[in-house]
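For reference, the structure is listed below as structure tokens.
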Amino acid sequence: MSERLIMLDVPGVLYSDRSAARLGGTPNTGTLRDVRFFDPIALGFLRRLFGIAGARVVVSDAWRRGTPAAIFQQLDLQVEGMTPAVHGGHAAEIGAWSAQHAMPGAWVILSTAPAASFSAEQRARLVCVDPAEGLTVDNFRQALDILGVACPSTVTPDSRVEPGLKAKLRHLQRLAREEPERFMPSPAADGAREQAVAVAVASLTGKQFTPSVIHA
């Protein structure tokens, strides 16, 4: 068994409302044509989990039923196994799997199921994925953290804005709306620029430069 496992609930994680709008559908025909409707961004994050964490996947039985083996091969999901067919949703499937297999030291759940449906132990390893968005970079970082693997900055540079900077930006935006004159050049600044140009012209032409008074 792999040293790290991903308990994967495919719908809403590897395809979502957002990917359906972008790709024009969802994988629901049970044929190889479905492969084109999986979100390439979400698949990319999952494959990075394989590469960085060395993790393999246990696929939810609720999804794998009726799915051709060729789709698994095309998606390259690095499948370790499938959860048993039990009632009670993804949490129950994971519980049934762990009752039959020795769980590794590091494992993570990627699921759209409500957090309340999981046990306390499972919730500690749960990454809640929004089915409208699918697997995101924040989900990816959280999964790496749960698996005990550092996220290389070269893989996903942190695009989050520091809270203090956010507050400063909001303050500047408010000032620009309420006091736009504060962001306009002052007459003194305009005059200084004009004189600088005049000095440059005078030095090139040999003419004498007579400074003018700058009014603030």
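A short reminder: the numbers here are calculations on the coordinates, not readings from a lab. What you see is a predicted model, and the numbers here were worked out from it, not measured in a lab. Glycine gets a Cβ as well: all are built from the backbone with ideal geometry, and neighbour counts include every protein chain shown.
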Can you tell me which residues in region 103-125 are touching a residue at least 60 places away in the same chain (Cβ under 8 Å) and more than 17 Å from LEU147 (Cβ to Cβ)?
THR112, ALA113
If I ask for residues that are more than 24 Å from LEU43 (Cβ to Cβ) and touching a Ser or Thr at 6+ places or on another chain (Cβ under 8 Å), which ones from region 70-87 would you list?
none
Report the residue count in region 81-122 for those that are under 22 Å from GLU3 (Cβ atoms) and either acidic (Asp, Glu) or assigned to a helix (DSSP H, G or I) (or both).
10
Out of region 49-74, which residues are buried (at least 20 other Cβ atoms within 10 Å of the Cβ) and touching a residue at least 60 places away in the same chain (Cβ under 8 Å)?
LEU49, ALA53, ALA55
Expected single match for crowded, with 21+ Cβ neighbours inside 10 Å and polar (S, T, N, Q) among SER119, SER111 is SER111
Do you know which residues across region 64-80 are under 18 Å from TRP107 (Cβ atoms) and either in a strand (DSSP E or B) or touching an Asp or Glu at 6+ places or on another chain (Cβ under 7 Å) (or both)?
VAL79, GLU80
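Among the residues that make up region 24-36, is at least one of them assigned to a helix (DSSP H, G or I), hydrophobic (A, V, I, L, M, F, W, C) and either on the phi > 0 side of the Ramachandran plot or in contact (Cβ under 8 Å) with a residue 40 or more places away in the chain (or both)? Steps first, please.
So the first thing to find is which residues in region 24-36 are assigned to a helix (DSSP H, G or I), and the list is 32-36.
Restricting the remaining residues to those that are hydrophobic (A, V, I, L, M, F, W, C) gives 32, 35.
Those still in the list that are either on the phi > 0 side of the Ramachandran plot or in contact (Cβ under 8 Å) with a residue 40 or more places away in the chain (or both) too: 32, 35.
Yes: one or more hits.
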